[in-house]
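Let me begin by presenting the structure, written as structure tokens, before commenting on it.
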Amino acid sequence: QVQLVESGGGSVQAGGSLRLSCAHSGYTASRKYNGWFRQAPMKEREGVGTIETSGGIISYADSVKGRFTISQDVDGNTVYLLMNSLKPEDTAMYYCAATGLIVGRKLAPSAYSYWGRGTQVTVSS
């Protein structure tokens with residue numbers, strides 16, 4: 001049973017911060033990347049940040065570089081997304097995801113095999 005459960009979403013004012021958490025279970029032997037993605041109404045799901053479970057390669061979308069930080073515990077079973085300097089355009093449903101080895105763009109949602117149900121982040125002006 002592969003499960004990914006997000007938490008930490010909510011509503012904040014522009015300029016504020018939130019930290020999202022993702023708890024993984026049932027997928028450890030072959031999991032190589034953890035990621036955060038988001039999807040706003042009428043928009044395609046997009047990658048926000050990804051991290052190798054080994055703690056190596058970290059990737060961010062250009063729109064969040066310098067503001068968001070992805071991290072994880074040592075075994076990669078708890079993944080975090082610290083979001084600083086939030087903007088209204090960051091408003092979206094945020095999803096935790098995981099996958100094995102990736103060939104190609106690490107931020108591509110299509111590369112990920114397992115997904116959580118999402119946690120809503122709303123940023124007001």
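The values are calculated or read from the model by the stated rules, or taken from the named source; none is laboratory data. Here the structure is a predicted model, which means the values were calculated and not measured. Here Cβ is always computed from backbone atoms with ideal geometry, including for glycine, and neighbour counts include all displayed protein chains. Areas reflect the complete protein model, heavy atoms only, side chains present, ligands, DNA and RNA absent. Shrake-Rupley method; radii C 1.70, N 1.55, O 1.52, S 1.80 Å.
Cross-link reach is defined here as a Cα-Cα straight distance under 19 Å, omitting same-chain residues fewer than 8 places apart; for LYS106 the lysines meeting it are LYS32, LYS65.
Taken one residue at a time, the phi angles of the stretch 64-74 give Karplus couplings (6.51, -1.76, 1.60, θ = phi - 60°) of 10, 4, x, 10, 9, 9, 9, 8, 7, 6, 4 Hz. Gly and Pro are set to x.
Note on the chain: percent of Cα-Cα distances in each 10 Å bin, starting at 0 and stopping at the bin with the largest distance, equals 14, 50, 30, 5, 0.
Sequence-ordered 3J(HN,Hα) estimates for the stretch 21-35 from the Karplus curve with 6.51, -1.76 and 1.60 and θ = phi - 60° stand at 10, 9, 9, 9, 8, x, 8, 10, 5, 10, 6, 10, 9, 10, x Hz, glycine and proline given as x.
As an exercise, use a Förster radius of 41 Å and the Cβ-Cβ distance of ASN84 and TYR114 to find the FRET efficiency, rounded to the nearest 0.05. My answer for the efficiency is 0.90.
Peptides 45-53, 81-89 ranked from most to least packed, by the mean per-residue count of other Cβ atoms within 10 Å: 45-53, 81-89.
If you restrict to DSSP beta bridges whose two residues both lie in the chain, what percentage is antiparallel, to the nearest 5?
On the way: 37 of 41 bridges.
Percentage antiparallel, nearest 5: 90.
Karplus-derived 3J(HN,Hα) values for the stretch 53-63, using 6.51 cos²θ - 1.76 cosθ + 1.60 with θ = phi - 60°, are 5, 6, x, x, 4, 10, 10, 9, 5, 4, 5 Hz; glycine and proline are entered as x.
Largest GNM mean-square fluctuation across GLY104, GLY55, GLY26, computed for the chain with C-alpha springs under 10 Å, falls on GLY104.
Counting only aspartates and glutamates at least 8 places from LYS43 when in the same chain, those with an alpha carbon closer than 14 Å to its own are GLU89, ASP90. Just the number, please: carbon plus sulfur as a percent of the accessible area of the stretch 54-125, 1.4 Å probe, no ligands or DNA/RNA counted. Of the solvent-accessible surface of the stretch 54-125, carbon and sulfur hold 52 percent.
Keeping every protein chain present and rolling a 1.4 Å probe, give me the accessible area per residue for the stretch 71-125 in Å². Provide the component values of the computation, followed by the final result.
On the way: 2730 Å² over 55 residues.
Averaged over the residues of the stretch 71-125, the accessible area is 50 Å².
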